[in-house]
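Notes follow once the structure below has been shown.
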Amino acid sequence: MAAGGYSKLPNGTVVVALNLPYGSAGVRVLVHAGNRARALTRLRNLGLRAVYLRGNAEPPTPDEITAVLHHPDGLVWRTAPGSGVSMPELWHPIRALLRRPVPLA
């Protein structure tokens, strides 16, 4: 089950944030799209088939919204908060996540 949330922007688009299990830690994925359904469809089209957004428990922070809006693809990820990483990690394009082999726990 993926925790996450969304924020509607003044121009009508949304930013969806999801915490997804990945290896031992998990990742936080941000998607900018026209609406919530389209954001989830973008992830499903990349091969992340079992992605659902239930509720709005962990919406994106203003810093996360800025990060995804300034990325040309509108799709970024980094290690999920609280995964034992001492320094904040930079945002990566989604292609970098899809190319990586899943680390074994």
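Here are some notes:
- All told, ARG44 falls short of being in contact with a Phe, Trp or Tyr (Cβ under 7 Å, 6 or more places away or on another chain) and either surrounded by fewer than 12 Cβ atoms within 10 Å (Cβ to Cβ) or not acidic (Asp, Glu) (or both).
Residue-wise test of (1) out of contact with any helix residue (DSSP H, G or I) (no Cβ under 9 Å at 6 or more places or on another chain); (2) acidic (Asp, Glu).
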| site | (1), (2) |
| --- | --- |
| GLY23 | yes, no |
| GLY26 | yes, no |
| ALA33 | no, no |
| ALA57 | yes, no |
| GLU64 | yes, yes |
| THR79 | yes, no |
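- Residues of the range 51-61 satisfying the condition of being within 16 Å of ALA33 (Cα to Cα) and surrounded by fewer than 13 Cβ atoms within 10 Å (Cβ to Cβ): TYR52
Rule-based calculations on the coordinates, nothing more; no lab input. Keep in mind that this is a model prediction, so the values were computed, not measured. Heads up, the Cβs are rebuilt from the backbone with ideal geometry, glycines too, and the neighbour counts pull from every protein chain shown.
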